[in-house]
1. Collect the residues in segment 210-226 that are under 18 Å from Pro149 (Cβ atoms) and crowded, with 17+ Cβ neighbours inside 10 Å, keeping them in residue-number order.
2. Of these, Glu126, Glu165, which one is within 13 Å of the chain's Cα centre (by Cα), within 20 Å of Ser252 (Cβ to Cβ) and among the charged types (D, E, K, R)?
3. Looking at segment 120-140, which of its residues are open to solvent by 10 Å² or more (accessible area, probe 1.4 Å) and either among the charged types (D, E, K, R) or modelled with pLDDT under 95 (or both)?
4. Being of a type in the set (A, V, I, L, M, F, W, C) and outside any helix (DSSP H, G or I) is the filter; apply it to segment 5-34 and report the residue that is most open to solvent (accessible area, probe 1.4 Å).
5. Using the structure shown, decide if Val160 is among the hydrophobic types (A, V, I, L, M, F, W, C), open to solvent by 40 Å² or more (accessible area, probe 1.4 Å), outside any helix (DSSP H, G or I) and under 20 Å from Glu126 (Cα atoms).
6. Test Ala279 against the criterion of being under 28 Å from Ala137 (Cα atoms) and either open to solvent by less than 10 Å² (accessible area, probe 1.4 Å) or part of a helix (DSSP H, G or I) (or both), and give yes or no.
7. Every residue in segment 173-211 that is in a loop (DSSP other than H, G, I, E, B) and among the basic types (Lys, Arg), please.
Amino acid sequence: MQFQQLQYFVAVAETRHFTRAADLVHVAQPSLSQQIKALERELGADLFLRARGNITLTDAGESLLPLARRILADADTARHEVRELVQLRSGRVRLGATPSLCTGLLPDVLRAFHDRYPGIRLLIEEGGSHDLVRELARGALDLALVVLPLPTPSPALTTVEVLREDLVVVSSPEAPAPGRGRRTVRVPDLEGERLVMFRHGYDLRELTVAACRSAGFEPDFAVEGGEMDAVLEFVRAGLGVAVVPRMVATRSGRGLRVTPLARPGLARTIALAHRSDVAPPRAARELQRMLLER
């Protein structure tokens, strides 16, 4: 059964005339008649009673008509929905990002994307780079903002660098300033400081601990295991200091002292990743463009 045959059948059923039906669907009348006969052969039943000047539906035709109309209507709906997706009027984007990026980088970009494409649903998943890479690989995300280098190199992913961001030290204004009050602090100055530390699997945790060990000391944790918002609140409460991205410190600076790290300092590289074997949907590609051009 061909889609075109159903179109021809409905046209004849509605006009009760083969020539007028052929004009309606813009096909020669002999071709329309041949397709109707082919449909009847496939179904094993006559669909029309043909008499000179009088075309009526058989019982089989009456049964087929509502089904054919529904199939054609569903096809129109499918065409419309695909057209809407192509024109970015509807659809979704599944974006993964580390919690610090959800706090720092994404709000302005997502607001601009939503203002331009209000019909696109944004589904955000927070997680560490390791978890996001796994979700990308299994097709649960369209795009992910991850920290480079990836925890496990994956040839199945394509990554494009988005930004390189400095890290800073945040502390409570009510507590003694880190580095004895200097305008900048070095990583070795964090020896003896009580650190508020992120949970295991958090990219910033691994980076900070590695930097401390490279400087020759083991970091001293006042509290550990939090996400970004919790870490910032613990710092505000005076429990210790934390190393966080500059964008996060700038956005969340209320009640925090922000101290830059002296050169060479610490930085992290943020990249946008997607599967190499599957092109992201049109809406995801547009969000990717806005992230890269922000």
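The values are calculated or read from the model by the stated rules, or taken from the named source; none is laboratory data. Remember, it's a predicted structure, so these values are computed and weren't measured experimentally. Positions of Cβ are generated from backbone atoms using ideal geometry, with glycine treated the same way; all protein chains shown enter the neighbour counts. Ligands, DNA and RNA are excluded from the accessible area calculation, which covers all protein heavy atoms including side chains. Shrake-Rupley method; radii C 1.70, N 1.55, O 1.52, S 1.80 Å.
1. Matches in segment 210-226: Ala211 only.
2. Working: Glu165 fails: within 13 Å of the chain's Cα centre (by Cα).
Result of the check over Glu126, Glu165: Glu126.
3. Of the residues in segment 120-140, the ones open to solvent by 10 Å² or more (accessible area, probe 1.4 Å) are 121-126, 130-131, 133-135, 137-140.
Result: Arg121, Glu125, Glu126, His130, Asp131, Val133, Arg134, Glu135, Ala137, Arg138, Gly139, Ala140.
4. Here is the first cut: in segment 5-34, the residues of a type in the set (A, V, I, L, M, F, W, C) are 6, 9-13, 18, 21-22, 24-25, 27-28, 32.
Subsequent filtering for residues that are outside any helix (DSSP H, G or I) retains 25, 27-28.
Details: Val25: 42, Val27: 35, Ala28: 57 Å².
By that ranking, first place goes to Ala28.
5. Details: among the hydrophobic types (A, V, I, L, M, F, W, C): yes; open to solvent by 40 Å² or more (accessible area, probe 1.4 Å): yes; outside any helix (DSSP H, G or I): yes; under 20 Å from Glu126 (Cα atoms): yes.
So Val160 fits the description; yes.
6. Numbers: under 28 Å from Ala137 (Cα atoms): yes; either open to solvent by less than 10 Å² (accessible area, probe 1.4 Å) or part of a helix (DSSP H, G or I) (or both): no.
It is false that Ala279 is under 28 Å from Ala137 (Cα atoms) and either open to solvent by less than 10 Å² (accessible area, probe 1.4 Å) or part of a helix (DSSP H, G or I) (or both).
7. Applying the first criterion (in a loop (DSSP other than H, G, I, E, B)) to segment 173-211 yields 173-177, 182-184, 186, 191-193, 199-202.
Within segment 173-211, Arg182, Arg183, Arg186, Arg199 qualify.
Here is a yes/no grid of residues against (1) free of Cβ contacts under 8 Å to residues at least 60 places away in the same chain; (2) among the aromatic types (Phe, Trp, Tyr); (3) more than 17 Å from Ala273 (Cα to Cα):
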| site | (1), (2), (3) |
| --- | --- |
| Gly91 | no, no, yes |
| Leu95 | no, no, no |
| Gly104 | no, no, yes |
| Val109 | no, no, no |
| Phe113 | no, yes, yes |
| Ile120 | no, no, yes |
| Asp142 | no, no, no |
| Val146 | no, no, no |
